[in-house]
Amino acid sequence: MVAPTVANLDWIRHIHLFLGLTDEDLAWILARMQEYVYQDGERILREGDPPNGMYFIREGTVEVLRGHRRLAVLERRDYFGEEGLVLRWVRGRTATARAVGTARVFFLSLSDFQDLTRRFPQVKTFLQVIARSRRRARRRQPDWLVPNEWIYLYISKHPARLMVDLWPSLLAFLASALMFGLQRLTQTRLLWLPVGLFGLAGVLLLIWHIVDWANDDYIVTNQRVVWIERVVLTYESRTEAPFRTILSLNVVRSLEGRMLGYGDVIIRTWFGAFALRNVGYASQIEAIIKEYWQRSREQTRKAERQAMLELLKERLGYTRPKPASAPSVKASPTSHSRPRLSLFLILRRIFAERLEDGVVITYRKHWITLLRRVWWQTLAGFSLMLYGTVNIIRHLTAQSSPYALPLGVVALTAFFFLLAWAIYGLLDWANDIYRLTADQVIDIERKPLGSEQKQSAPLESIQSLDHTRKGLLGLLLNYGDVHIRAGTATLVFRGVHKPDRVLQDIYQRMEERRRVKAAAEAQRERERMAEWLITYHHLIHSDESSEAGESEPPLEPPTPSSHQP
């Protein structure tokens with residue numbers, strides 16, 4: 001058994017599964033756990049083995065594998081091995097768990113787990129939600145996840161909310177069925193058509209609500225909270241809040257939500273607020289988000305303390321300074337390495353919807369936006385060209401009326417006018433570009449032979465990102481708008497291909513930029529603190545030397561310039 005010490009109670013109290021339990025309940029749970037320690041690379045459970053219990057991580061890190069594919073990396077207060085205990089159709093372990101470094105885990109056996117769920121049935125119900133969420137995450141692995149990002153929660157709206165939305169459609173269908181039955185009894189056929197249409201509308205609305213309910217997803221990873229909103233055949237967007245931008249969390253429930261067991265989790269960030277609406281176990285989900293939010297802050301502080309410790313060890317001579325790596329020298333482009341400007345490369349630069357050139361990524365609008373702009377000029381122009389050419393040929397062969405030549409000339413003149421208009425539209429489309437650099441996003445709108453408007457925003461000032469795909473064409477061809485809010489301004493990348501990929505590019509650049517700046521700022525702060533601590537260290541030693549009667553003068557504190565890493 002595990003002793004209910006203050007440290008263990010504090011550890012288990014912050015696990016979202018046991019939210020709302022008293023210290024006596026938590027001590028009862030701890031008494032049924034067994035402690036095990038695993039070394040680096042040691043297997044904790046194996047895929048396919050019969051489920052005999054579940055594990056809670058007390059200290060350390062555990063990686064979850066399926067075959068050779070890493071599914072997740074779990075840390076302190078995470079748990080695993082629950083799927084085979086709460087999902088009836090799961091007969092064996094669905095993955096392998098292995099320690100990364102030294103891992104200390106608490107094990108709850110199958111019999112003790114059954115005692116736990118009999119005493120606290122809400123724990124098993126919520127574990128079923130978590131287990132289904134993890135299986136869903138494995139089936140629908142999103143392609144926008146960045147390296148070392150893992151999904152912890154993947155849920156949809158509560159089914160009870162669907163029933164609240166469905167009752168008008170059900171009433172319409174039942175009313176039409178009742179009216180249809182009455183007409184059959186009275187042998188009246190006058191209202192069959194409107195009653196049938198009314199019933200059909202109710203059925204279609206019923207199907208619409210079901211599909212629309214299933215299309216909204218809420219995802220919590222180890223880096224951010226994501227809301228994916230879809231409207232059938234017309235709209236899709238993704239809104240996200242990185243943990244570093246979250247300011248507060250709270251839960252709001254309506255009257256029917258309190259009765260049926262769902263609510264809204266409101267997430268307030270630097271750039272505003274958005275909600276995980278109509279989710280079951282809203283309080284536990286809030287606790288999950290809060291747990292990972294606080295964990296990200298703890299990891300940042302821990303990394304800063306470790307870096308400070310390493311710097312002090314190096315300054316005081318306990319470790320050797322790391323040799324400075326030689327700066328990488330990039331070969332300058334020479335004449336023989338320059339690509340030849342072939343027609344293919346020129347056309348590729350004009351029509352490429354995403355073009356990478358070093359650290360600069362250039363986006364253009366989707367080709368469908370060009371087609372919408374010039375389709376009628378192109379179609380009418382080629383029709384006029386064909387008509388004018390036929391009339392001129394007939395005139396030259398003396399097989400036409402005397403009006404053939406002037407009609408042909410007018411038609412060809414109109415063709416060249418429409419051709420010039422279409423070329424202008426092409427250049428106007430090609431000149432509207434969006435750029436992502438190492439430190440900013442840029443929106444450039446340039447009119448051929450006209451004005452140019454340029455709007456930019458530093459990556460540090462970006463407060464929120466989201467994208468939308470509207471209409472059937474937007475969903476089928478995968479293009480839409482990316483909205484970038486920076487302060488009071490909003491940049492919109494309109495009609496870009498794969499807007500979720502564009503958003504992912506920006507998100508990655510923001511994280512890279514933030515890490516570089518945070519590392520530089522932390523390094524400067526560590527240098528400053530190290531100088532103060534080393535000065536204090538030398539003062540203490542000089543006082544001790546004076547008291548011991550040593551005649552050597554005290555050591556001078558090091559100067560910042562002589563201790564650069």
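The values are calculated or read from the model by the stated rules, or taken from the named source; none is laboratory data. Worth saying up front: this structure is predicted, and the values here are computed from it rather than measured. Here the Cβ positions follow ideal geometry from the backbone for every residue, glycine too, while neighbour counts run over all protein chains shown.
In table form, for the structure just shown:
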item	result
Count - residues of the range 19-41 that are under 32 Å from the mean Cα position of the chain (by Cα) and among the acidic types (Asp, Glu)	1
Set Asp143, Asp115: member being modelled with pLDDT of 90 or more and out of contact with any strand residue (DSSP E or B) (no Cβ under 7 Å at 6 or more places or on another chain)	Asp115
Tabulated pairs, the range 420-435, first not assigned by TED's automatic domain parsing to the domain that holds Gly450, second not in a helix (DSSP H, G or I), C-beta under 8 angstrom, 6+ apart or interchain	none
Residue satisfying all of: in the range 485-509; in contact with a helix residue (DSSP H, G or I) (Cβ under 7 Å, 6 or more places away or on another chain) and buried (at least 18 other Cβ atoms within 10 Å of the Cβ); nearest to Lys454 (Cα to Cα) among these	Phe493
Residue tally, condition buried (at least 19 other Cβ atoms within 10 Å of the Cβ) and either in a strand (DSSP E or B) or of a type in the set (Val, Ile, Thr) (or both), over the range 467-480	4
Conditions (1) under 19 Å from His467 (Cα atoms); (2) free of Cβ contacts under 8 Å to residues at least 12 places away in the same chain; (3) acidic (Asp, Glu); number of the one not met by Glu298	(1)
Flag if Arg301 is charged (D, E, K, R) and modelled with pLDDT of 80 or more	no
Residues being surrounded by 21 or more Cβ atoms within 10 Å (Cβ to Cβ) and either without any contact (Cβ under 8 Å) to a residue 40 or more places away in the chain or touching a Pro at 6+ places or on another chain (Cβ under 9 Å) (or both) - total across the range 52-77	2
Residue satisfying all of: in the range 101-128; among the β-branched types (Val, Ile, Thr) and within 21 Å of Pro50 (Cα to Cα); farthest from the chain's Cα centre (by Cα) among these	Thr117
Residues that are touching a residue at least 12 places away in the same chain (Cβ under 8 Å) and either part of a helix (DSSP H, G or I) or in contact with a His (Cβ under 6 Å, 6 or more places away or on another chain) (or both), drawn from the range 138-158	Arg138
Residue in the range 100-108 that is over 30 Å from Leu200 (Cα atoms), outside any loop (DSSP other than H, G, I, E, B), at pLDDT below 90 and in contact with a strand residue (DSSP E or B) (Cβ under 6 Å, 6 or more places away or on another chain) present	no
Test result for Ala31, over 24 Å from Gln141 (Cα atoms) and modelled with pLDDT of 90 or more	yes
Filter result for the condition that a residue is modelled with pLDDT of 80 or more and loosely packed, with under 14 Cβ neighbours inside 10 Å, over Leu190, Leu204	Leu204
Number of positions in the range 438-460 that are at pLDDT below 85, surrounded by 13 or more Cβ atoms within 10 Å (Cβ to Cβ) and hydroxyl-bearing (Ser, Thr, Tyr)	0
Output for the range 390-416, where each listed residue is surrounded by fewer than 16 Cβ atoms within 10 Å (Cβ to Cβ) and either closer than 25 Å to Ile368 by Cβ or hydroxyl-bearing (Ser, Thr, Tyr) (or both)	Thr397, Ser401, Tyr403, Thr413
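So that you can scan it fast, the table gives a plain yes or no per residue for (1) at pLDDT 85 or above; (2) surrounded by 12 or more Cβ atoms within 10 Å (Cβ to Cβ); (3) hydroxyl-bearing (Ser, Thr, Tyr); (4) in the same structural domain as Leu427 (by TED's automatic domain parsing):
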{"site": "Phe351", "(1), (2), (3), (4)": "no, yes, no, yes"}
{"site": "Glu356", "(1), (2), (3), (4)": "no, no, no, yes"}
{"site": "Val360", "(1), (2), (3), (4)": "yes, yes, no, yes"}
{"site": "Tyr363", "(1), (2), (3), (4)": "yes, yes, yes, yes"}
{"site": "Trp367", "(1), (2), (3), (4)": "no, yes, no, yes"}
{"site": "Trp375", "(1), (2), (3), (4)": "yes, yes, no, yes"}
{"site": "Phe382", "(1), (2), (3), (4)": "yes, yes, no, yes"}
{"site": "Gly388", "(1), (2), (3), (4)": "no, yes, no, yes"}
